[in-house]
Amino acid sequence: MSAAAFTGSEVTDIDAAKVRGAGSNVHFDKVVVAYGAHVVLHPLTLDIAPGEILAMIGPSGSGKTTALRAVAGFVRPRSGRIRIGATDVTDLPPYERGLGMVVQNYALFPHMRVEDNVAFGLRAQGADKALIGERVKDALATVGMATFARRYPRELSGGQQQRVAIARALAVRPRVLLLDEPLSALDAQIRRNMVEEIARLHRSLPGLTILYVTHDQTEALTLADKIAIMRDGRVCSHGPTTELYRRPPNRFTAEFLGRANLLPVTVAEAAGPKGFATARHGDAVLTSAGRDEKAGDKSLLCIRPQHLSLTADSEHTNRIVGTLREVHWQGELTHLVLDVDGTPVRVSATKLPMALPEPGTKVPLFFAPADTSLLPEDAGV
Amino acid sequence: MSEALAIGAPTARKREPGRLRIVPPAALLALLFFYPLALIVRQAFLDDSGVANVPEIVRVLHSRFFLNALINTVTISVTATAGCLIVGLLLALILAFVPFPGSGFIARLIDTFIALPTFLVTLAFTFLYGSAGMLNSGLMEAFSLPLPPVDFLYSTWGVVLAEVTVYTPFILRPLLAAISLVDRGQIEAASVLGARPFRIVRQVILPAAVPALVAGGSLCLLLTVNEFGIVLFIGAKGVITLPLLIYGKAIQESAYQVACIIAVVNIALSLGLFGLYRFAAGRLGV
């Protein structure tokens, strides 16, 4: 099976089957990491399935990089075990774990040419010369850097260096690829392109398990099959990306993973067979996707800014009224900030009425029940 | 045009005092450094009547005592520098990558060697490894030996060991600075890719440390070529280096012209090494 090149224009013969499948799942079993008395990772139990991209996101100091470094072998857990496939790697040194890693600042060896950087891991593992040549060629073609093989890292742009770093990690055919904020050092435009290219790369190497640590929710949402949101050394939510985005289980997840408006409501009627509950916000009676709330529960109704509309239609049956406070035009999108009974509500709209209301005027907002979810009011985590 | 001239004229006048400011330090340098140096060179190449004394120069340069001293100087300085590089590199790697309580204190302690007079280490070595030193006394007592078993101090190896001890910090300091600049990400990436520690040192750390090794090594070579105190203090039989030979000829034998000829060779050797150091440092961007 051939992998499409990073650029989409070259085709290589990197055999996806060799890096996929059996033996590439990662399992954290009650892993605790502490520096002295300071616990940075509380008992973490998490699975990454073979071929899955798991994005770990969270604010600085939330423990996401520590978790990745524990898999790499740079941080020794105080307790718990880490397994890759059937192998317990907790006590193995990094060079025996069969991984690839790409870090924020590329970490290319500056005194080596691109081809030698990519060949480094293969040479370290004692591969024969012919195989090294073949793999280097394939890996560079995969990331669209075949013509840069004789260059030194200092002769490349940031994006090109990051591609070389990815090629270097792929050349050893790792069981798991660890990406530690790999795009943070790049410009916004290059970062967007690289996210798309990594997604394309993973489609061409579907068996490659990736642990992707980032603080950028857009990267996580674009790339990940599943997301684990970290906070204070704990996983505060974990699940399929779309599910976590559409039905965040708690306030932190709702606010960290994309912007969310959280309206305080009181549940009027628990969710029925179709999964919709009724809730009150002031005088407004709203229908929302519910979980196991009971009538009378205080809850938060989560609605994303892009799901709010200034016009009603057959789907947008929920209606609230707010006072327009601010309007921010950003080209493709216009952001409105409204005050709904003391709660700031943001609206992101691609299409707006020709005559936009003046700030200070009352504006009705409409949204579909299917675009909402209820979360417990007191669930900070 | 006239404006340009009007602007240009004061600028030209302003430069004059700047140029004159170089005169006092240049005169001081000439008086304290170049003039004595010129006297040595003159004494080496000319006889009392001011005529070039080529036969004497040729005789000295072909003499056994000069050639022995030259060989000893080169042997000791190259060996000591190699020793400094090896010990310095090992110490730097340990201090940088094998964290242990007090490693910072030890690094600073090693630094203090730079501040100590060179003969002090030799004196300490006499107490430790000398005929009546702690090591020999202990061994003689423990094994009832009639003679001191350890007898390297009063030889070339004693000089080399003392110089390695004294001059290793000159390698260690720049090496620690260079290693601290090596991106830890590179080391970690190498490790994850399957490289064991020795390969990482060889292929990742050493290339980054080359400028520091070259700079420190050149400085060591320069200092050990001119080392006088250690060689004199150890007083090893038959271990005469160029500085010691100059001292002996000038002070003990009053053969000033011979001393000056050897001194000129010593100076040429030092300047050559210094030039090499500057060239290497410039090429490597030190």
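The values are calculated or read from the model by the stated rules, or taken from the named source; none is laboratory data. No experiment lies behind these values; they were computed from the predicted model shown. Ideal geometry is used to build each Cβ from the backbone, glycine not excepted, and the neighbour counts take in all protein chains shown. SASA here: full protein model, heavy atoms, side chains in, ligands and nucleic acids out. Shrake-Rupley method; radii C 1.70, N 1.55, O 1.52, S 1.80 Å.
Quick one: is A:Leu183 modelled with pLDDT of 90 or more, buried (at least 24 other Cβ atoms within 10 Å of the Cβ) and out of contact with any Cys (no Cβ under 9 Å at 6 or more places or on another chain)?
On the way: modelled with pLDDT of 90 or more: no; buried (at least 24 other Cβ atoms within 10 Å of the Cβ): yes; out of contact with any Cys (no Cβ under 9 Å at 6 or more places or on another chain): yes.
Spelling it out, it is not the case that A:Leu183 is modelled with pLDDT of 90 or more, buried (at least 24 other Cβ atoms within 10 Å of the Cβ) and out of contact with any Cys (no Cβ under 9 Å at 6 or more places or on another chain).
When you scan the range B:201-216, do you find a residue that is within 14 Å of another protein chain (Cβ to nearest Cβ), polar (S, T, N, Q) and assigned to a helix (DSSP H, G or I), even just one?
Yes; the residues of the range B:201-216 include at least one that is within 14 Å of another protein chain (Cβ to nearest Cβ), polar (S, T, N, Q) and assigned to a helix (DSSP H, G or I).
I'm checking my understanding of the structure. Among residues of the range B:245-286 that are in a helix (DSSP H, G or I), of a type in the set (A, V, I, L, M, F, W, C) and without any contact (Cβ under 8 Å) to a residue 40 or more places away in the chain, which one is nearest to B:Ile40 (Cα to Cα)?
My answer is B:Ala259.
Specify which of the listed residues (B:Asn68, B:Asn72) is polar (S, T, N, Q), in contact (Cβ under 8 Å) with a residue 60 or more places away in the chain, open to solvent by less than 50 Å² (accessible area, probe 1.4 Å) and in a helix (DSSP H, G or I). Before you say what the answer is, go through the steps one by one.
On the way: B:Asn68 fails: open to solvent by less than 50 Å² (accessible area, probe 1.4 Å).
B:Asn72 is the lone residue from the list that is polar (S, T, N, Q), in contact (Cβ under 8 Å) with a residue 60 or more places away in the chain, open to solvent by less than 50 Å² (accessible area, probe 1.4 Å) and in a helix (DSSP H, G or I).
May I ask you to list the residues in the range B:174-187 that are at the interface with chain A (Cβ under 8 Å from one of its Cβ atoms) and in contact with a helix residue (DSSP H, G or I) (Cβ under 7 Å, 6 or more places away or on another chain)?
If the condition is that a residue be at the interface with chain A (Cβ under 8 Å from one of its Cβ atoms) and in contact with a helix residue (DSSP H, G or I) (Cβ under 7 Å, 6 or more places away or on another chain), then B:Gln186 is the only one that fits.
Among the residues of the range A:327-366, which ones are closer than 10 Å to A:Leu308 by Cβ and open to solvent by 90 Å² or more (accessible area, probe 1.4 Å)?
Scanning the range A:327-366 gives a single hit, A:Arg346.
Can you confirm whether B:Pro197 is at pLDDT 90 or above and touching a His at 6+ places or on another chain (Cβ under 6 Å)?
Values: at pLDDT 90 or above: yes; touching a His at 6+ places or on another chain (Cβ under 6 Å): no.
Here the answer is no, as B:Pro197 does not meet what is asked.
Can you name the residue in the range A:102-143 that is touching a Pro at 6+ places or on another chain (Cβ under 8 Å) and over 18 Å from B:Arg199 (Cα atoms) and is also most open to solvent (accessible area, probe 1.4 Å) among such residues?
A:Gln104
Looking at A:Val321, is it in contact with a Pro (Cβ under 7 Å, 6 or more places away or on another chain) and surrounded by fewer than 21 Cβ atoms within 10 Å (Cβ to Cβ)?
Against the criterion (in contact with a Pro (Cβ under 7 Å, 6 or more places away or on another chain) and surrounded by fewer than 21 Cβ atoms within 10 Å (Cβ to Cβ)), A:Val321 qualifies.
Kindly indicate the residue of the range A:288-302 that is of a type outside the set (Asp, Glu) and buried (at least 19 other Cβ atoms within 10 Å of the Cβ) and also nearest to A:His316 (Cα to Cα) among those meeting that condition.
To start, the set of residues in the range A:288-302 that are of a type outside the set (Asp, Glu) comprises A:288-291, A:294-296, A:298-302.
This time we only want the ones that are buried (at least 19 other Cβ atoms within 10 Å of the Cβ), so: A:288-290, A:299-302.
Numbers: A:Ser288: 12, A:Ala289: 14, A:Gly290: 17, A:Ser299: 21, A:Leu300: 19, A:Leu301: 15, A:Cys302: 15 Å.
Checking each candidate, the answer is A:Ser288.
Conditions first: (1) farther than 25 Å from B:Val231 by Cα; (2) at pLDDT 90 or above; (3) of a type outside the set (Lys, Arg). B:Gly83 passes all but one, so which condition is the exception?
If we test B:Gly83 against (1) farther than 25 Å from B:Val231 by Cα; (2) at pLDDT 90 or above; (3) of a type outside the set (Lys, Arg), just (1) comes out false.
All but one of (1) crowded, with 22+ Cβ neighbours inside 10 Å; (2) within 14 Å of chain A (Cβ to nearest Cβ) hold for B:Val231, so report the exception by its number.
Status for B:Val231: all satisfied but (2).
At least 3 residues that are within 8 Å of chain B (Cβ to nearest Cβ) and touching a residue at least 24 places away in the same chain (Cβ under 8 Å) in each: list the helices (runs of 4 or more DSSP H) lying fully within the range A:63-154 that qualify.
Working: elements: A:64-72, A:114-124, A:129-142.
Correct list: A:114-124.
I need a count of the residues in the range A:155-176 that are charged (D, E, K, R), under 22 Å from the mean Cα position of the chain (by Cα) and outside any helix (DSSP H, G or I).
To start, the set of residues in the range A:155-176 that are charged (D, E, K, R) comprises A:155, A:163, A:168, A:173, A:175.
Filter again for under 22 Å from the mean Cα position of the chain (by Cα), leaving A:163, A:175.
Cutting the leftovers down to outside any helix (DSSP H, G or I) gives us A:175.
Here the count works out to 1.
Output the number of the condition that B:Leu245 fails; it satisfies all remaining conditions of (1) open to solvent by less than 20 Å² (accessible area, probe 1.4 Å); (2) within 14 Å of chain A (Cβ to nearest Cβ); (3) farther than 22 Å from B:Val87 by Cβ.
The number of the failed condition is (2).
Say whether the condition of being without any contact (Cβ under 8 Å) to a residue 60 or more places away in the chain, within 14 Å of chain B (Cβ to nearest Cβ) and out of contact with any helix residue (DSSP H, G or I) (no Cβ under 7 Å at 6 or more places or on another chain) is met by at least one residue in the range A:28-36.
Yes, there is a match, as at least one residue in the range A:28-36 is without any contact (Cβ under 8 Å) to a residue 60 or more places away in the chain, within 14 Å of chain B (Cβ to nearest Cβ) and out of contact with any helix residue (DSSP H, G or I) (no Cβ under 7 Å at 6 or more places or on another chain).
May I ask you to say which residue of A:Leu333, A:Leu310, A:Leu300 is modelled with pLDDT of 90 or more and not small (Gly, Ala, Ser)? Spell out how you get there, then give the answer.
On the way: A:Leu333 fails: modelled with pLDDT of 90 or more; A:Leu310 fails: modelled with pLDDT of 90 or more.
Every option except A:Leu300 fails the conditions.
Among the strands (runs of 3 or more DSSP E) confined wholly to the range A:250-355, which include 2 or more residues that are under 25 Å from A:Leu221 (Cβ atoms)? Before the answer, list the steps.
On the way: elements: A:261-269, A:276-281, A:284-289, A:298-303, A:318-330, A:333-340, A:343-349.
Where strands (runs of 3 or more DSSP E) fall fully within the range A:250-355 and carry at least 2 residues being under 25 Å from A:Leu221 (Cβ atoms), they are A:261-269, A:284-289, A:298-303, A:318-330, A:333-340, A:343-349.
Would you confirm whether any residue within the range B:208-228 is touching a residue at least 60 places away in the same chain (Cβ under 8 Å), surrounded by fewer than 19 Cβ atoms within 10 Å (Cβ to Cβ) and of a type in the set (Val, Ile, Thr)? Before you say what the answer is, go through the steps one by one.
Residues of the range B:208-228 touching a residue at least 60 places away in the same chain (Cβ under 8 Å): B:209-218, B:220-221, B:224-225, B:227.
Okay, now just the ones that are also surrounded by fewer than 19 Cβ atoms within 10 Å (Cβ to Cβ), so B:210-211.
Adding the requirement that they be of a type in the set (Val, Ile, Thr) leaves B:210.
Yes, the range B:208-228 contains a residue that is touching a residue at least 60 places away in the same chain (Cβ under 8 Å), surrounded by fewer than 19 Cβ atoms within 10 Å (Cβ to Cβ) and of a type in the set (Val, Ile, Thr).
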